[in-house]
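Trainee: Sharing a structure with you now.
The values are calculated or read from the model by the stated rules, or taken from the named source; none is laboratory data. Quick caveat, the model's predicted, so the values are computed rather than measured. Don't worry about glycine lacking a Cβ; one is built from the backbone with ideal geometry, like all the others, and counts go over all protein chains shown. Note: areas computed on protein heavy atoms with side chains; ligands, DNA, RNA excluded. Shrake-Rupley method; radii C 1.70, N 1.55, O 1.52, S 1.80 Å.
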Amino acid sequence: MRAHVVTFGCQMNEYDTHAIQSELAGIGYSFVDDYREADLVLVNTCAVRGKPVEKAQTLLGELRKEKHRRRGAMTIGLMGCLAQLPEGRRMGEKFAVDIMLGPGAITEIVPAIERGKFQSFDFKNELQFYTPPPPLDAVSAHLTIMRGCNHRCTYCIVPQTRGAEVSRPATAILNEARALADAGVAEVTLLGQNVNSYGLADGTGTRRARLDGYPSFAELLRMVGRVGIPRVRFVTSHPVNFDDEIIEAIVDTPAVCRYIHLPVQSGSNRILKRMAREYTREFYLDRVRRLRELLPDATISTDLIAGFPGETEEDFEQTLALYREVRYDAAYMFIYSEREGTPAAIHFEDVPRAVKTERLGRLVELQKEMSFAQNKQWVGREVEVLVKGATDEAGFVQGHTRGNHVTFIKGHLAPGIHRATVVHATPNRLYCESPMSSVDSQEPAMARRELKVISLPLA
Ligand code: SAM
Ligand code: SF4
């Protein structure tokens, strides 16, 4: 039996896909790269913006044709965030999908296949204890520590697709981290929509009661930092929960990378309020100030939305000014995308597309200028690079630093951790040289095998 699994969206979906594939492998499936060779095709979807939804829809159209050509002898599954929404359920019916599983029901994949026709949109409690085996031959892996989101950002569909926050028990997380360490993984990224509210009954507003028996996120970071994986990273942080205790845990724990992804979304208080982000520009800048004070070498990245409903030129200029003030190392920038059923879609008028596109263009220009300025500061310095494999630029291998800079090293180096010196910087990457890099360089302790790269862009 052969399966083809397509993944759209964030690292949490990548992690879920790995769990799904592990279950399928357990009942004898092998995996193929082309859906035309597969008996089972699963599409793990994203619904955060319109674009990934359109992509899933186009793919479902192709799959329906293929199924028709085979006179129905093919199983199609729609999984993840889109499957959870009315929009996805309509698509499921239209495109003759057999299996529909929401993001909280992925542990039902095996019974679903056995039945042939199946749907579940529950948020299964067992998912919190489910521990997938370490990915094969990877130097870098993801580890979901919590699911869902209790915030209510007015533009965002996630609370509807992934439900309320549920933190996984620390023992399950630590067992999974130990298994990754034993498998030789050099870097683990702890995942959650808002990892900072890990272990809290409700991380929003002023309600910060701790769940019985759960450590805080800062304590969890320290625990995972002691497991023996050389690099520990985490995404995503919500500024409102990014407290001093977390910054201190990063300072005290050498394994934790000095890289913070702190989405701001907008620099205008008026827009932040409309977005229901629960912080002001001043609060956000205070968090950045504290971060710089305690971790002067940390790299900081962010998420930004251009053209949120009601955003004026003045609001947008405040976003540009905040960007300059923080001097972000990197940013993920999006045009506002209206999502059916969100408060912003119901109550606010969308900004014309041309205005949104023009603003996004200005943001991208500023990001390039700032990233270039930040990256140039690394020239001449020695950095630690986690090499992942070959690049399409001949003669270089690719990896990333502890600060998440994309790094190209001249020569051949085995996957794993290496020291290298930055010799040149561009807005997007650091070019390095390493005394170890040659055709017959020695394999470092961390690089055990040829690897399969499993990390993905942030959003
Ligand atoms: N939980 C994370 C946080 O609060 O920062 C982010 C999760 S969301 C999947 C990733 C990013 O997508 C957000 O930070 C936001 O910038 C963007 N995003 C979410 N909804 C969007 C929408 N309707 N239009 C455009 N961008 C959106
Ligand atoms: Fe969406 Fe993140 Fe806001 Fe939650 S905190 S609603 S996931 S943007």
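Trainee: Return yes or no: is residue 263 within 16 Å of ligand 2 (Cβ to nearest atom), under 27 Å from residue 230 (Cβ atoms) and in a loop (DSSP other than H, G, I, E, B)?
Mentor: Values: within 16 Å of ligand 2 (Cβ to nearest atom): yes; under 27 Å from residue 230 (Cβ atoms): yes; in a loop (DSSP other than H, G, I, E, B): yes.
The answer is yes for residue 263.
Trainee: Follow-up question, since we're still on this one. Among the residues of region 398-434 satisfying the criterion of being over 26 Å from residue 229 (Cβ atoms) and in a strand (DSSP E or B), which is most open to solvent (accessible area, probe 1.4 Å)?
Mentor: Step one: of region 398-434, the residues over 26 Å from residue 229 (Cβ atoms) are 410-411, 423-428, 431, 433.
Adding the requirement that they be in a strand (DSSP E or B) leaves 410, 423-425, 431, 433.
On the way: 410: 110, 423: 71, 424: 93, 425: 8, 431: 32, 433: 89 Å².
It comes out as 410.
Trainee: Considering only region 31-40, I want to know if a residue exists there that is under 16 Å from residue 75 (Cβ atoms) and among the aromatic types (Phe, Trp, Tyr).
Mentor: Among the residues of region 31-40, at least one is under 16 Å from residue 75 (Cβ atoms) and among the aromatic types (Phe, Trp, Tyr), which makes the answer yes.
Trainee: Looking at (1) at pLDDT 95 or above; (2) within 16 Å of ligand 2 (Cβ to nearest atom); (3) touching a strand residue (DSSP E or B) at 6+ places or on another chain (Cβ under 6 Å), can you tell me which one residue 52 breaks?
Mentor: Every listed condition holds for residue 52 apart from (3).
Trainee: Tell me which residues, restricted to region 349-392, are in contact with an Asp or Glu (Cβ under 7 Å, 6 or more places away or on another chain) and closer than 30 Å to residue 139 by Cα. Before the answer, list the steps.
Mentor: Quick first cut of region 349-392, residues in contact with an Asp or Glu (Cβ under 7 Å, 6 or more places away or on another chain) only: 350-351, 371, 374, 386.
Hits for region 349-392 are 371, 374, 386.
Trainee: Restricting the search to region 173-188, which residues are open to solvent by 10 Å² or more (accessible area, probe 1.4 Å) and not acidic (Asp, Glu)?
Mentor: Across region 173-188, the qualifying residues are 174, 175, 178, 179, 181, 183.
Trainee: Hey, can you tell me all the residues within region 210-234 that are acidic (Asp, Glu) and over 15 Å from residue 249 (Cβ atoms)? Quick ask: steps written out before the conclusion?
Mentor: To start, the set of residues in region 210-234 that are acidic (Asp, Glu) comprises 212, 219.
Residue satisfying the conditions is 212 alone.
Trainee: OK, next. Would you mind telling me which numbered condition in (1) crowded, with 20+ Cβ neighbours inside 10 Å; (2) free of Cβ contacts under 8 Å to residues at least 40 places away in the same chain residue 219 fails?
Mentor: (1)
Trainee: Might you let me know whether region 137-150 holds any residue that is at positive phi, more than 10 Å from ligand 2 (Cβ to nearest atom) and surrounded by fewer than 18 Cβ atoms within 10 Å (Cβ to Cβ)? Talk me through it step by step, then tell me what you get.
Mentor: Going through region 137-150, the residues at positive phi turn out to be 137, 148.
The next check asks that each one be more than 10 Å from ligand 2 (Cβ to nearest atom); those that pass are 137.
Now restrict to residues that are surrounded by fewer than 18 Cβ atoms within 10 Å (Cβ to Cβ): 137.
Looking for residues that are at positive phi, more than 10 Å from ligand 2 (Cβ to nearest atom) and surrounded by fewer than 18 Cβ atoms within 10 Å (Cβ to Cβ), one finds at least one in region 137-150, hence yes.
Trainee: With respect to residue 299, is the statement that it is away from ligand 2 (no atom under 16 Å from the Cβ), of a type in the set (Ser, Thr, Tyr) and surrounded by fewer than 18 Cβ atoms within 10 Å (Cβ to Cβ) true? Even if it seems obvious, please write down each step before you answer.
Mentor: Values: away from ligand 2 (no atom under 16 Å from the Cβ): yes; of a type in the set (Ser, Thr, Tyr): yes; surrounded by fewer than 18 Cβ atoms within 10 Å (Cβ to Cβ): no.
No: the conditions fail for residue 299.
Trainee: Look at residue 154 and say whether it is surrounded by fewer than 23 Cβ atoms within 10 Å (Cβ to Cβ) and touching a Lys or Arg at 6+ places or on another chain (Cβ under 8 Å). Talk me through it step by step, then tell me what you get.
Mentor: Values: surrounded by fewer than 23 Cβ atoms within 10 Å (Cβ to Cβ): yes; touching a Lys or Arg at 6+ places or on another chain (Cβ under 8 Å): yes.
Considered against the rule, which asks whether it is surrounded by fewer than 23 Cβ atoms within 10 Å (Cβ to Cβ) and touching a Lys or Arg at 6+ places or on another chain (Cβ under 8 Å), residue 154 comes out as yes.
Trainee: Residues in region 13-24: is at least one in a loop (DSSP other than H, G, I, E, B) and open to solvent by less than 30 Å² (accessible area, probe 1.4 Å)?
Mentor: Of all residues in region 13-24, those in a loop (DSSP other than H, G, I, E, B) come to none.
No.
Trainee: Continuing with the same structure: Which members of region 267-321 meet the condition of being in a helix (DSSP H, G or I) and among the β-branched types (Val, Ile, Thr)? It would help to see each step written out before you state the result.
Mentor: Start the filter on region 267-321 by keeping residues that are in a helix (DSSP H, G or I), which leaves 269-275, 281-294, 313-321.
Result: 271, 288, 319.
Trainee: Now for a separate question. Taking strands (runs of 3 or more DSSP E) that do not extend beyond region 106-191, which have at least 1 residues that are within 15 Å of ligand 1 (Cβ to nearest atom), over 25 Å from residue 344 (Cβ atoms) and not hydrophobic (A, V, I, L, M, F, W, C)? Quick ask: steps written out before the conclusion?
Mentor: On the way: elements: 118-120, 140-144, 187-191.
In region 106-191, the matching strands (runs of 3 or more DSSP E) lie at 140-144, 187-191.
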